[in-house]
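Take a look at the structure set out below.
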Amino acid sequence: MDEDAIQILATVSEVNKEFLNRQLASAKATTMPSTFSPELRTFALILHFYSPRAYEYVQSTFGLSLPHQRTLSRWYQHIDGAPGFTKETINALKLKIENTSFPLFFSLIMDEMSIRQHVEFDGKETHGLINLGFDHNDDDSLPLAKDAFILLLVCINAHFKLPIGYFLCDGLSSN
């Protein structure tokens, strides 16, 4: 490479540098790093979120520069989806509020939806019984959950919705 090309590459962002380094390693058939930088992870997750077909195209065009779709699935699996309020949601809401230049106003929407009554044991705990998100013993005497009570925050002055929690219940009354 000539001096101008090296200078241009020096000004490239970290995501692009890693992307280019992975392409070069793939072309030269050398070993690639086994981990992905947080910036490249974010790029891959966002691209796949908006268009899985575009992600497949970029991945096939640029070789192994992007992680396999199964790797993306494993990255998504680290979110705790147990009944109750999730820490991930609270953290996402905190980041959104901190990174917005104007105050955000929300409406809290509550809804109840019927779910299939089914009990399943995964080897560690029982799923399908009433669960209000509290730490509880796996008590088989609890009744089956018939409904899911869902709480959703809707931003009034911006365009996003955020489910903040759900609870498995056996119906709700006005009390």
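Please verify whether GLU125 is outside the structural domain of ALA44 (by the TED database), within 24 Å of LEU162 (Cβ to Cβ) and acidic (Asp, Glu), treating the condition exactly as stated.
no
Taking the stated definitions as given, is LYS96 part of a loop (DSSP other than H, G, I, E, B) and either at pLDDT below 85 or within 21 Å of the chain's Cα centre (by Cα) (or both)?
No.
Starting from residues that are assigned to a helix (DSSP H, G or I) and within 17 Å of LEU151 (Cβ to Cβ), keep the ones in the stretch 68-93 and report whichever is most open to solvent (accessible area, probe 1.4 Å).
Checked the stretch 68-93; the qualifying residue most open to solvent (accessible area, probe 1.4 Å) is LYS87.
Confirm whether SER141 is open to solvent by 50 Å² or more (accessible area, probe 1.4 Å), among the hydroxyl-bearing types (Ser, Thr, Tyr) and at pLDDT below 90.
Answer is yes for this residue.
If a residue must be without any contact (Cβ under 8 Å) to a residue 24 or more places away in the chain and out of contact with any Leu (no Cβ under 9 Å at 6 or more places or on another chain), how many such residues does the stretch 90-101 contain?
6
Please determine, by comparing only the residues of the stretch 102-121 that are assigned to a strand (DSSP E or B) and without any contact (Cβ under 8 Å) to a residue 12 or more places away in the chain, which one is least open to solvent (accessible area, probe 1.4 Å).
Here the residue is GLU120.
The values are calculated or read from the model by the stated rules, or taken from the named source; none is laboratory data. Remember, it's a predicted structure, so these values are computed and weren't measured experimentally. Neighbour counts are summed over all protein chains in view; Cβ atoms, including those assigned to glycine, are modelled from backbone coordinates with ideal geometry. Areas reflect the complete protein model, heavy atoms only, side chains present, ligands, DNA and RNA absent. Shrake-Rupley method; radii C 1.70, N 1.55, O 1.52, S 1.80 Å.
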